[in-house]
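Below: one structure, written as structure tokens.
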Amino acid sequence: MPDAVFEHPRLVSVYDALDPDRSDLDVYVDIAGELGADRVVDVGCGTGTFALLLADRGLQVIGVDPQDWEATLRGVYDALLPGGCLVFETRDPAYRGWEEWNRAASYAVTEIQGVGTVENWFEVTDVRGSLVSFRGTWVFASDGQVLTSDSTLRFRAREEVETALTAHGYVLEEVREAPDRPGREFVFFARRPD
């Protein structure tokens, strides 16, 4: 459940500058080529970085903001042509990546042209089963404004994801490790049957 602060104009204007290395998306551009895709629906498209990479390769891209896991699986299935493929990554809860979400490990200071210095960090605020809540903080040195965001992510086990895909009619073809985050994330390949 993302916080509405991500729509704050000041944070929107610096979001990509605070996370400039998006080489993690290259593998998904390559997967689109591997699958022979000519059209891609970018679910959870964020600031559109991935959509722009795909468009640069001549692919038609549609962005969708998912609101609900079950509704998203249904909606994507309905949008896919027979034989179409859903590819997505999800964090492996066994890795317990949230244990690295603390101020000491995530603190960064970034100089952004036209904005000035921005400090930011993340801290876990609660863990309840598969739900992990955390707070992001951004401090703008130019005037001292502090923005905070409280969000909750659900960490689904591989088996839970596989069961949900099958229940929605997908044929699970493959599960890979994320090449840039082995042991941390899974990449699921599921197809709508012909």
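The values are calculated or read from the model by the stated rules, or taken from the named source; none is laboratory data. Bear in mind that the values here come from a model prediction, so they are computed numbers and not experimental data. Here Cβ is always computed from backbone atoms with ideal geometry, including for glycine, and neighbour counts include all displayed protein chains.
General remarks:
- Here TYR107 meets each of (1) surrounded by fewer than 17 Cβ atoms within 10 Å (Cβ to Cβ); (2) hydroxyl-bearing (Ser, Thr, Tyr); (3) within 24 Å of HIS168 (Cβ to Cβ) with one exception, condition (3).
- Screening ASP38 with (1) closer than 28 Å to PHE134 by Cβ; (2) loosely packed, with under 15 Cβ neighbours inside 10 Å; (3) of a type outside the set (Phe, Trp, Tyr) gives one miss only, at (1).
- Against the criterion of being modelled with pLDDT of 95 or more and assigned to a loop (DSSP other than H, G, I, E, B), PRO193 qualifies.
- Checked against (1) surrounded by 12 or more Cβ atoms within 10 Å (Cβ to Cβ); (2) assigned to a loop (DSSP other than H, G, I, E, B); (3) in contact with an Asp or Glu (Cβ under 7 Å, 6 or more places away or on another chain), PHE134 meets all criteria but (2).
- Residue match in the stretch 167-189 (condition: touching a strand residue (DSSP E or B) at 6+ places or on another chain (Cβ under 6 Å), in contact (Cβ under 8 Å) with a residue 40 or more places away in the chain, among the hydroxyl-bearing types (Ser, Thr, Tyr) and within 25 Å of ASP78 (Cα to Cα)): yes
- Options VAL171, VAL146, VAL124, VAL139: the member that is of a type in the set (Val, Ile, Thr), assigned by TED's automatic domain parsing to the domain that holds ARG10 and at pLDDT 95 or above: VAL171
- All of (1) within 15 Å of the chain's Cα centre (by Cα); (2) farther than 24 Å from ASP194 by Cβ hold for TYR28 with one exception: (2).
- Condition check for GLU70: farther than 30 Å from GLY169 by Cα, among the acidic types (Asp, Glu) and loosely packed, with under 13 Cβ neighbours inside 10 Å: no
- Scanning the stretch 168-194 for residues that are in contact with a Pro (Cβ under 9 Å, 6 or more places away or on another chain) and not charged (D, E, K, R) returns GLY169, TYR170, VAL171, VAL187, PRO193.
- Within the stretch 150-194, considering residues that are of a type in the set (Asp, Glu) and surrounded by 17 or more Cβ atoms within 10 Å (Cβ to Cβ), the one farthest from GLN67 (Cα to Cα): GLU185
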